[in-house]
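What follows is a single structure, written as structure tokens, with notes after it.
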Amino acid sequence: MSQKCIATSELHCQVKYRFPFFFYMSKSVGFKDLPSPMHGGTKERITHVHCTDCGRDIPVDEWPNHRDRLRSLKLKERTLSFVQRYVVGPFLDMFMWVLVNVFFREVAVVGSENIPASGPVVFYGNHQNQFMDACVMRATCGRRVRFIIAEKSMHRAVIGQFATMMECVPVIRPQDVPQVSGTGTISSITKATVTGDGTTFLSSLSIGDVIFWKVADSDRKCSGQVASIISDVELILTMPVAKEDDTIRTPTPYKYSKRIDHSEMYAEVYGTLGKGDAIGIFPEGGSHDRTSLQPLKAGVALFSLGARERGVDVTIIPVGLTYFYGHKFRSRAHVEFGKPIKAPRELDELFKTDKRAATGSLLTVLDNELREVTINVEDWATLNLLHTFRRLYQPPQVILDTGVYLKLTRRLANILAEHKTEKDVEEFSTMANDYSDFCDALQLRDAQVATLAKLTDSKFGAAPLIRLLFRRVVMLFLLGIVLLPFAFFGAPIGLVGRLLSEDHARTAQAGSSGLKIKAADVKASYKIIVGFCTLPLVCALFGAGVYANADLRTAVTMMVCLPMTLYVSLHVVREFLLEGRATIPLMRSLLSKPKVFLRHYERRMAVVQLAETLVAKYDPDLETDIDFSSNDASEGLRHASLFSLRHRSRK
């Protein structure tokens, strides 16, 4: 882009009522007139600005956004050095893979065939696990992705350094811009017109700035973006206030934040896409721990349409990230890449004349496609009910592929959402919640309850239970001996990570303005940071102790081997926990009457029957769409022992 146009943009922002000679204005009606210095002080409404770079007349309220997109791809051409391409890049790919596979015990990927091997791609996904989302996406997509990251995160320890190595593109988010108390008060807001009393809109505000106010007799905060400034006491918002209750009729203090110039960010994104590389973005705008998608921001749509405007045809890939207690160490993660999306060609012309309409139209498509690869429910109670529904409906001996598993879960979620007011669904919800409460009281999981069919056999006496208990106690003893030395090194890391992540979650929740429920989304990232800092310290202390009693070679060998042995011990820990969780209820069944557990098994079978009835009634095609018989793994599987969590064990 010419330096002339850039200078023009800056001049237009700084001097509101002095227009360079290569701008011209046209008249419009329906707005309060503005005094124009070009017409001797007569009142005229200035509505358009002529851009000499693209040769078009741009509406005044769209000029700030148009100015950000004026920079051409040539301004930000990317040239990777030999070190970046063959040293830093492969190191980051390997590090992300190791990081993800150490933190999660299982990472299942679906739809990887939908990812283009080359060419410009924009990956966009849901954002429920903070920085771990980017790690999981990069480790599983097979492309080197530059992520859009909040600018303030670039200044954080560890995160900022890795973000720089990954060539992340910083963006200043509206919620990160400081708010300044405005002069005077707002006396009224009528639709999109804001009237002030003692205000200085002309000197303190610019087009694109955002004003904030609090609704009277309420803690609800509202905001609006400035489209045009009429005078010191009157301005027009880009959109009228949607709710009547959010308008102002009495003098109300207000705050404002300055408009964010995203031109550098757009130039980086278009330069990356122009080179055929990939961009990653989480368009919800911020990480959260809610159970459904938040409204998508327009950036992902603007990237595609803006790149197309510059001759770069971008492929958009939705990425669904589904976690099972994703904030916990050694949990599970499922990644689903949706079908490739191309922006409709008819939006190209619309984007030139009405960017807001074109962006909104594409954003609707992207939102729908992202919902196809994510699980969305109303709240946490409904999510817990959904997982119970899936476990009860899926036969215990059936092993589902990840794609089929996610499809089944979404279909069951649709039943709960579309028929939640039906009496039989309400009855199922009550019975399923009661069943879950009994599981908690008995310290059982559903998979363990499914093994209690053995108790229905009258020939099944106490002798088999005693033999099984003896075997498990011996196994726990042997596993405990193996784990004892590793617990000495690993326990401090885990304890410190847990305590600090809990403290960080409380801080994040307090500053989230109600978006986060328990701030569980920030815990995993913080545990990784703590582990990244404490593990080398533990290894160094251990190495120093060995060196003091041996030689340098032995100390170095032990320092190198310690992280690998700690990783192996994680698998031993899992076996220890599985045995422990199966031993406790087995011991209780021997000390008390087993009839309690038998009645609980009968309770489960009643809820299972009701779950099958609901599916047959509200989604009769589900049974044929998901053929459980083809996924039946009972052949080649041994029957799970009583209270065992290894109901998927191979012979």
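Taking 0.36 nm per residue of separation and subtracting the Cα-Cα distance, full extension of the segment from residue 592 to residue 441 would add 52.9 nm.
Model label sites at residue 165 and residue 624, defined 7 Å from Cα along the beta-carbon direction, differ in position by 5.4 nm. These residues, 411, 472, 498, go from largest to smallest accessible area, 1.4 Å probe, as 498, 411, 472.
Remark: the range 317-370 carries a charge dipole of roughly 360 debye about the Cα centre, counting +1 on each Lys and Arg Cβ and -1 on each Asp and Glu Cβ. A 1.4 Å probe, protein heavy atoms only, puts the accessible area of residue 561 near 50 Å². Please tell me which of these pairs span more than 23 angstrom C-alpha to C-alpha: 243/423; 221/258; 221/420; 328/454; 297/420? Beyond 23 Å: 243/423; 221/420; 328/454; 297/420.
Loop-located GluC sites (Glu not before Pro) in the range 339-418 (DSSP state other than H, G, I, E, B) with a sparse environment of at most 16 neighbouring Cβ atoms within 10 Å: 372, 378.
Each Lys and Arg contributes +1 and each Asp and Glu -1, all at the Cβ; summed about the Cα centre of the range 229-375, the dipole is approximately 460 debye. Projecting the Cα atoms of 549, 533, 560 onto the dipole axis of the range 527-600, where Lys and Arg carry +1 and Asp and Glu carry -1 at the beta carbon, places 533 farthest toward the positive end.
Within the accessible area of the range 332-471, the carbon and sulfur atoms contribute 53%, probe 1.4 Å, all protein chains present.
Here the Kirkwood formula puts the hydrodynamic radius of the range 430-505 at 16.6 Å, using every distinct Cα pair. The figure for residue 328 is an accessible area of roughly 100 square angstrom, using a 1.4 Å probe on the protein chains alone.
The values are calculated or read from the model by the stated rules, or taken from the named source; none is laboratory data. Computed from a prediction, not measured in an experiment: that's the story for all the values here. Positions of Cβ are generated from backbone atoms using ideal geometry, with glycine treated the same way; all protein chains shown enter the neighbour counts. Heads up: the accessible areas ignore ligands, DNA and RNA and are worked out on the full protein's heavy atoms, side chains in. Shrake-Rupley method; radii C 1.70, N 1.55, O 1.52, S 1.80 Å.
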